[in-house]
Amino acid sequence: MEPELPQEENSELFEHYRFEADKGQGPERLDRFVMLRIEGASRTRVQTAIENGNVLVNGKPGKSSYKIKPLDLVQVVFPQPPREIELIPQNIPIEILFEDEDLVIVSKAAGMVVHPGYGNYTGTLINALIYHFQHLPVSRTGPEGEIRPGLVHRIDKNTSGLLVIAKNEVAMTRLAKVFFDRDLDRRYVALVWGDVKEDEGTVTGHIGRSLRDRKVMQVFPEGDQGKHAVTHYKVLERFGYVTLVECKLETGRTHQIRVHMKYIGHPVFNDTEYGGDQILKGTTFTKYKQFIQNCFGIMPRHALHARTLSFKHPRTKKELHFEAPLPADMTAVIEKWRVYMKNRPE
């Protein structure tokens, strides 16, 4: 039975967020618990919502100081419907690599959010898609039933590269099954910290929300939490202190490559969420530190690009292969490393 939401005078409350504490959840204040799970939310804003009775714990208004227990259900409710359903068409340029009556292949620029969400209600790929393509099929997914026109998969805001968009219900249904069955080939290029020891390898480890910071993911090596995840990698080029690798996804978990590469000791270069924005390998020379800062300045985001995508067409069953060249910022940083390694003193 669903918990009854408190009612304000002449107002219906709508559920905006829903979080269920894990079985292993340790004692954590309610305000911190909520703040870590809503991107961009400040403690002050969360505490104000709690004070106004808009944060429920197991169906009842909670207090900021309440200590979360395992399996607690936390809901954030407000008088207005969630903004996620207010999809606004916007004339935003997008790079289209292929289009037919069933699907569209786009190359997403780094910095563009794929789907509207908290703090990013406009300027997203979805806002652009619903402007350029009318009548896209709609799917609902996630704990809040997010509306995602045409989307069958997504990539992170600061990851560049390929995405496939379905233009009709049949294509969406069949493409969704392709991704579910893993009947496709997805390959990314990443610049990672350190000299990766093996030329090829596989990372296996369940991925789930971090127990310390719910905004990021972590590997659970024993597999008692999270979801099964497998990433295959191959070294493309070595630069001593960093390595250019190709990563092939066998599964598609949130932040999978970024989490797996950190797990094996090679965080993605300039990845602010997983420690790659620090100087992890190299020398103590001032010139080297300046060189790294210059690289970060050229590419102020993590060095990850969805380069190739191969699958069978959902209607014709013809094999399709798409490739998005590395973007200018990543190409420039890689070239700087080539020059640095060529000119560095022995």
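The values are calculated or read from the model by the stated rules, or taken from the named source; none is laboratory data. The model shown is predicted, which means the values in this text are computed figures rather than measured ones. Note: areas computed on protein heavy atoms with side chains; ligands, DNA, RNA excluded. Shrake-Rupley method; radii C 1.70, N 1.55, O 1.52, S 1.80 Å.
General remarks:
- Geometric descriptor of the stretch 251-346, per residue, is 139 Å³ (volume of the convex hull of the Cα atoms).
- From the coordinates shown, mean projected area of the Cα convex hull in nm² corresponds to which of (1) 20.2; (2) 24.0; (3) 28.0: (1)
- 222 nm mean residue ellipticity, helices alone, for the chain (DSSP H n ≥ 4; -39,500 (n - 2.57); rounded to 500): -6000 deg cm²/dmol
- Each Cα pair under 8 Å and six or more residues apart adds its separation to the average, and for the chain the resulting relative contact order is 13 percent.
- Kyte-Doolittle mean at least 0.5 and Cα axial length at least 15 Å: DSSP H helices in the chain: 169-180
- When a 1.4 Å probe is rolled over the protein heavy atoms, the share of accessible surface on the stretch 302-346 that falls to carbon and sulfur comes to 54 percent.
- Using only Cα coordinates, the Kirkwood hydrodynamic radius of the stretch 170-238 works out to 14.8 Å.
- Residue-normalised accessible area of the chain, given per residue in Å² at a 1.4 Å probe: 51
- Greater than 29 Å apart at Cα, pairs in 167/336; 197/318; 60/262; 157/227: 167/336; 197/318; 60/262
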